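Just below is one structure, and these are the notes that go with it.
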Amino acid sequence: MFKKYMTAGIVGSALLATAAFAQSPSATTTTTTPAAAPVTASDTTFNGNWRTSKVVGLSVYNEANESLGSINDLLTDKQGNIKAVVIGVGGFLGVGEHLIAVPYDKIKFVNEPVSTMASSTGGSSGMKSTSTSSGMTTGAATTGATPAAATPAKANPWYPDHAVLSGASKDQLKAMPEFKYAM
């Protein structure tokens, strides 16, 4: 039995030794391949380009600032050019949502927040409704005199604030044929 273990150990050592010799560099090899140029890109090189992870999920409005839905996906061709935008219309938290695809050139991206008509001062409450960069309104206390002008939020260079689809209402979009992903 000991003889079998010893033979197996010697054969295994011989196999490992030949593999190690095969990996050692040859003394006759004198040519070297030039190293590839390192990729040098800084964050300023791509400044002004949008992150698709931030574009997906953007709210979509019509020209009357009525909310239509949100961007669910961007469809590209084989060269990477965006050809269509998939918009989720209706539903609540994705349930009952109707997906439609519209050509990319029909969507206009806007960096400024959505303006709301509710910017007049409230009755006796002394509250003023202002629009934030996310499009939500917040109550801000007024001092009784003319309120100070709010400074606009700085535009984010990595993604727009929202998208605008002109010439459509939510009902018209719901009536469009539903977009389905082909398997």
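The values are calculated or read from the model by the stated rules, or taken from the named source; none is laboratory data. The model shown is predicted, which means the values in this text are computed figures rather than measured ones. A quick note on method: Cβ atoms are made from the backbone with ideal geometry, for glycine too, and the neighbour counts reach across all protein chains shown. For the accessible areas, the whole protein counts, side chains as well, though only heavy atoms, and no ligand, DNA or RNA atoms are used. Shrake-Rupley method; radii C 1.70, N 1.55, O 1.52, S 1.80 Å.
Which one is farthest from Val85 (Cα to Cα) among residues in segment 53-66 that are in contact (Cβ under 8 Å) with a residue 24 or more places away in the chain and touching a strand residue (DSSP E or B) at 6+ places or on another chain (Cβ under 8 Å)?
Glu63
Can you report the number of residues in segment 67-79 which are open to solvent by less than 50 Å² (accessible area, probe 1.4 Å) and either in contact (Cβ under 8 Å) with a residue 60 or more places away in the chain or over 13 Å from Val102 (Cα atoms) (or both)?
Within segment 67-79, residues that are open to solvent by less than 50 Å² (accessible area, probe 1.4 Å) and either in contact (Cβ under 8 Å) with a residue 60 or more places away in the chain or over 13 Å from Val102 (Cα atoms) (or both) number 4.
Just to check your reading of the model, which residue among Asn65, Asn72 is modelled with pLDDT of 90 or more and not charged (D, E, K, R)?
Answer to the check: Asn72.
Looking for something open to solvent by 80 Å² or more (accessible area, probe 1.4 Å), within 30 Å of Leu165 (Cβ to Cβ) and at pLDDT 90 or above - is there at least one such residue anywhere in segment 88-98?
There is no residue in segment 88-98 that is open to solvent by 80 Å² or more (accessible area, probe 1.4 Å), within 30 Å of Leu165 (Cβ to Cβ) and at pLDDT 90 or above.
Quick one: would you say Ser59 is surrounded by 12 or more Cβ atoms within 10 Å (Cβ to Cβ), among the hydroxyl-bearing types (Ser, Thr, Tyr), in contact with a helix residue (DSSP H, G or I) (Cβ under 9 Å, 6 or more places away or on another chain) and modelled with pLDDT of 80 or more?
Judged against the criteria, Ser59 is not a match.
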